[in-house]
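*Asks:* Just passing along the structure, written as structure tokens.
Bear in mind these aren't lab numbers, they're just calculated from the coordinates by the rules spelled out. These numbers were taken from a predicted model, which means no experiment stands behind them.
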């Protein structure tokens, strides 16, 4: 009897530990809204001007820049990442495959500040002296951010392609197709929702990324809607990091930065949710 | 037919190119940082404190980073393991378990800067922990908790079912079985997961910048409620605000040390993972 009571208590304790994530997420939502709700109004969401000392907090230029940076980086990451995933899943065997796979996994973990620093000292001067502008630009942001997004796209879309049953490949090869014909006609169509999920997830990662992108995009004092890829811009994350250190606690400026955080959180959560639903639907369909 | 063979060849070359590109990027970054930072790696640089941007070393930054990840692990390690045990051994298939998993995934998706803002509002101002080692470590812990939960769950799930059956057949209770048999068999896998979480926490900048300190502190904290320096924040400050070559040299040195710690943790984790896979003939992660 005593033993059963002890077992029951242990189970409850473990359940409590498992609930920690719920508590933390709830607290995050409560505190972000408690600080940010006062700034979330029409002028904030649709204003064109962000000028803290003039009490103007409009986020449109920042949001537009965030999406330009995110989509561009995603584009580059797709162009390199999907072929790389096809290579890993369809064209390579074990020693090479596992070497590439583990370096890609390593790339996920490299501290983003180190990547940003690399961008600042290598990429920025390269652009400044060879292409023009100040170097700190949308283009630099695209490149650095695509390096950060690449591993996510590669690993999830590769998983999706490898999940296609081998009998499909065998059948197709037996009919005389080349590997590329098989990939094009069978593997990609069957893995397309997984590939799509990886792209959506990559977008969420790109938009939420902070330090690497901050160091190479210039962050002008007054954000504007960029006219060329050599323009300096400001994104949601970099605005928060740069301005939170001098925003007076309890001022409209601080509330607005938390409201930026809410917008960022909302956008990233929606993207994550979409990709998770796609993956779940895919698993359900398969089994 | 010949046409298809030719096409196959070109496709193959293109695919090779994209795959090698992703490795080359990794190698290029590491080599560049290693070559530029190597000259800074003197005993003096590693054992003295910084003074402004251009002078001194990074001793408090290195130790501060270790302190921060230590506090982070004291929080995220035990809770993550216990939650992993619950999810793999106890959780019934019902709506509550689904909700639990949903929130673990949600927490994993929160951008780190949002965790930083939350840490600032909740830990620093609301709980009055100040900008400190404690706030920074705890905020980092919030960030990596989902990774420790998932890694523990996977490692525990990978333990063959026969282990459990044998223990239960000997009359052990469920908890005794988990504690004495399952947890021991899963230990290397759990440690691997924790190490990978640690690698993530060590390089994190945004969270630490907002909750732990300005990065240039030249003293170690005397208590857990004092600000603490850290390598990533030091690197950020010095790379964006120090505009002299002396400052840049220090940034290269700090980047190399950070990358080095990160690599050591990762190599150790993957050795442990290989050992684990060999021992149990299972795959995980």
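*Asks:* Could you pull the Rg and Dmax for chain A, using just the Cα atoms, both in Å?
*Replies:* 23.0, 78
*Asks:* Beyond 21 Å, what share of the Cα-Cα pairs of segment A:128-287 is found? Please give it as a whole percent. Can you show the working numbers first?
*Replies:* Values: 7674 of 12720 pairs.
In whole percent, the share of Cα-Cα pairs in segment A:128-287 beyond 21 Å is 60.
*Asks:* Checking a compactness column here: for segment B:178-230, what do you get for Rg(Cα) / (2.2 N^0.38 Å), N being the number of residues?
*Replies:* Working: Rg = 16.6 Å, N = 53, 2.2 N^0.38 = 9.9 Å.
In units of the 2.2 N^0.38 Å rule of thumb, it is 1.67.
*Asks:* Between residue B:169 and residue B:214, what length in nm is gained on full extension when 0.36 nm per residue of separation is reduced by their alpha carbon distance? Each step should come with its number before you reach the end.
*Replies:* On the way: separation 45, 0.36 × 45 = 16.20 nm, distance 5.70 nm.
Working it through step by step, the gained length comes to 10.5 nm.
*Asks:* Gap in Å between the Cα centre of segment B:125-189 and the Cα centre of segment B:210-243?
*Replies:* 31
*Asks:* What percent of all Cα-Cα pairs in segment B:90-210 falls into each 10 Å bin, going from 0 up to the bin containing the maximum distance?
*Replies:* 13, 31, 29, 19, 7, 1
*Asks:* Further question: Can you tell me the relative contact order of segment B:68-178? Whole percent, Cα pairs under 8 Å, sequence separation 6 or more. Walk me through the numbers before you get to the answer.
*Replies:* Numbers: 94 pairs, mean separation 50.8, N = 111.
Relative contact order comes out at 46 percent.
*Asks:* Another question, if that's okay. If you build the Cα gyration tensor of the protein assembly as shown and take the root of 5 times each eigenvalue, what three semi-axes come out, in whole angstrom, biggest first?
*Replies:* On the way: eigenvalues 263, 215, 122 Å².
The three semi-axes for the protein assembly as shown are 36, 33, 25 Å.
*Asks:* In angstroms, what radius of gyration and Dmax does segment A:191-231 have, counting Cα atoms only?
*Replies:* Every Cα atom of segment A:191-231 included, Rg and Dmax give 14.5, 44 Å.
*Asks:* Could you give the spread of the C-alpha atoms of segment A:115-182 along their three principal axes, from largest to smallest, in whole angstroms?
*Replies:* 56, 21, 15
*Asks:* Among A:28, A:76, A:144, determine the one that fluctuates most according to a GNM of chain A built with springs between C-alpha atoms less than 10 Å apart.
*Replies:* A:28
*Asks:* P(r) for segment A:1-120: what percent of alpha-carbon pairs falls in each 5 Å bin, starting at zero?
*Replies:* 2, 8, 7, 9, 10, 11, 12, 11, 10, 8, 6, 3, 2, 0, 0
*Asks:* Okay, moving on. Please find, in a Gaussian network model of chain A (springs between Cα atoms separated by less than 10 Å), the residue of A:99, A:86, A:78 whose mean-square fluctuation is greatest.
*Replies:* Its mean-square fluctuation being the largest, the pick is A:99.
*Asks:* Expressed in whole Å with the largest first, what are the equivalent ellipsoid semi-axes of segment B:43-112 derived from the C-alpha gyration tensor as the square root of 5 times each eigenvalue? Walk me through the numbers on the way to the answer.
*Replies:* Values: eigenvalues 358, 38, 7 Å².
So the three semi-axes of segment B:43-112 are 42, 14, 6 Å.
*Asks:* In a Gaussian network model over chain B where Cα atoms closer than 10 Å are linked, find which of B:260, B:57, B:80 has the largest mean-square fluctuation.
*Replies:* B:260
*Asks:* How high is the relative contact order of chain B, given as a whole-number percent (alpha carbon pairs under 8 Å, six or more residues apart)?
*Replies:* Numbers: 401 pairs, mean separation 76.0, N = 285.
Value for chain B: 27 percent.
*Asks:* Let me ask you something else. Give the distance, in whole Å, between the Cα centre of segment A:1-52 and the Cα centre of segment A:101-171.
*Replies:* Spelled out, the Cα-based centre of one part sits 31 Å from the other.
*Asks:* Another question about this same structure. Quick check: the distance between the Cα centres of segment B:252-268 and segment B:25-47, to the nearest angstrom?
*Replies:* 9
*Asks:* Quick one: compute the contact order of chain A, relative version, from alpha carbon pairs under 8 angstrom and 6+ residues apart, as a percent. Intermediate values should be presented prior to the final figure.
*Replies:* Values: 372 pairs, mean separation 76.9, N = 287.
Value for chain A: 27 percent.
*Asks:* Take every Cα-Cα distance within segment B:40-162, group them into 5 Å bins from 0 onward, and report for each bin the whole-number percent of pairs it holds.
*Replies:* Result returned by the calculation: 2, 10, 14, 16, 15, 13, 11, 7, 5, 3, 2, 1, 0.
*Asks:* So, one more: Could you give me the radius of gyration and the Dmax of segment B:164-285, taking only the C-alpha atoms into account and expressing both in angstrom?
*Replies:* That works out to 21.0, 70 Å for Rg and Dmax.
*Asks:* Something else now. For segment B:39-280, what Kirkwood radius comes out of the mean inverse Cα-Cα distance, in Å?
*Replies:* Working: mean 1/r = 0.0517 Å⁻¹.
Roughly 19.3 Å, rounded to one decimal.
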